[in-house]
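**Student:** One structure, pasted below without further comment.
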Amino acid sequence: MTTQMPHLQEVIQRLERLERQNRRMKRVGVVSLLLASCLLLMGQAPRRPTGIRTVEAERFVLKDHMGRERATLEQTNGAAWLTLADPSGKGSATLQVSEGEAKLYLGNKQDVHMAELRVVKGEPWLDLIDGSGFRTIVGSTDLVTTRTGESHKTSAASLLMLNPHGNVIWRAP
């Protein structure tokens, strides 16, 4: 029996060594399987298009780092509108385009339009307004003579200056 004891002891040591190796191989196998799975799954991510991408919406809002609206692009009542604002949200510039007309409005800090450039039905028009309400209109506009009530359209080459009450104080031609 004593001769079998050293032999049995060797077998037990070899068995323990094999079990340790087996545990290590299982760990390496699991880690390898996880890495292979990760690589396979990362390869399945959709490709980013290399061409032109289209984003569709009914309204876009651009905000600054403080969360204030600085620009909007929207479509309402058949017209497309692009509005740009200063950091206070006022003093805007607005471009409006609809069927047969295009308009550009420039405003002040009180959000009052101080300049307007437009083309409506092929007729150009520029309107400048100062803080006191005096206006200068360049281009085609409808003009009504207050004494007679007569209405006529000016040409694109005309220049009108109006007082704050809308009365003509100077015109050419």
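**Student:** Is it fair to say Gly100 is loosely packed, with under 10 Cβ neighbours inside 10 Å and at pLDDT below 90? Break it down stepwise before answering.
**Tutor:** Details: loosely packed, with under 10 Cβ neighbours inside 10 Å: yes; at pLDDT below 90: yes.
The answer is yes for Gly100.
**Student:** Quick check on the stretch 115-173: of everything there that is polar (S, T, N, Q) and within 36 Å of the chain's Cα centre (by Cα), which residue is surrounded by the fewest Cβ atoms within 10 Å (Cβ to Cβ)? Break it down stepwise before answering.
**Tutor:** Of the residues in the stretch 115-173, the ones polar (S, T, N, Q) are 132, 136, 140-141, 145-146, 148, 151, 154-155, 158, 163, 167.
Okay, now just the ones that are also within 36 Å of the chain's Cα centre (by Cα), so 132, 136, 140-141.
Details: Ser132: 8, Thr136: 15, Ser140: 18, Thr141: 16.
It comes out as Ser132.
**Student:** While we're looking at this one, here's another question. When you scan the stretch 95-129, how many residues do you find that are part of a loop (DSSP other than H, G, I, E, B) and not β-branched (Val, Ile, Thr)?
**Tutor:** So the first thing to find is which residues in the stretch 95-129 are part of a loop (DSSP other than H, G, I, E, B), and the list is 99-100, 108-112, 121-122.
Within this subset, residues satisfying the condition of being not β-branched (Val, Ile, Thr) are 99-100, 108-111, 121-122.
Adding up the residues that qualify gives 8.
For every residue, the table says whether it meets (1) in contact (Cβ under 8 Å) with a residue 40 or more places away in the chain; (2) among the hydrophobic types (A, V, I, L, M, F, W, C); (3) under 30 Å from Met161 (Cα atoms).
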site: Leu35; (1), (2), (3): no, yes, no
site: Leu41; (1), (2), (3): no, yes, no
site: Asp127; (1), (2), (3): no, no, yes
site: Phe134; (1), (2), (3): no, yes, yes
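**Student:** Considering each of Gly89, Gly67, Gly107 in turn, give the residue that is surrounded by 10 or more Cβ atoms within 10 Å (Cβ to Cβ), over 30 Å from Asp142 (Cβ atoms) and small (Gly, Ala, Ser). Explain how you work it out, then say what you get.
**Tutor:** On the way: Gly67 fails: surrounded by 10 or more Cβ atoms within 10 Å (Cβ to Cβ); Gly107 fails: over 30 Å from Asp142 (Cβ atoms).
Unique residue meeting the criteria: Gly89.
**Student:** Looking at the stretch 21-94, what strands (runs of 3 or more DSSP E) fall wholly within it and have at least 1 residues that are modelled with pLDDT of 85 or more, touching a strand residue (DSSP E or B) at 6+ places or on another chain (Cβ under 8 Å) and small (Gly, Ala, Ser)? It would help to see each step written out before you state the result.
**Tutor:** On the way: elements: 59-63, 69-76, 79-84.
Qualifying strands (runs of 3 or more DSSP E): 69-76, 79-84.
The values are calculated or read from the model by the stated rules, or taken from the named source; none is laboratory data. Keep in mind that what you see is a predicted model, and the values were worked out from it rather than measured. Cβ: placed from backbone, ideal geometry, glycine included. Neighbour counts: every protein chain shown.
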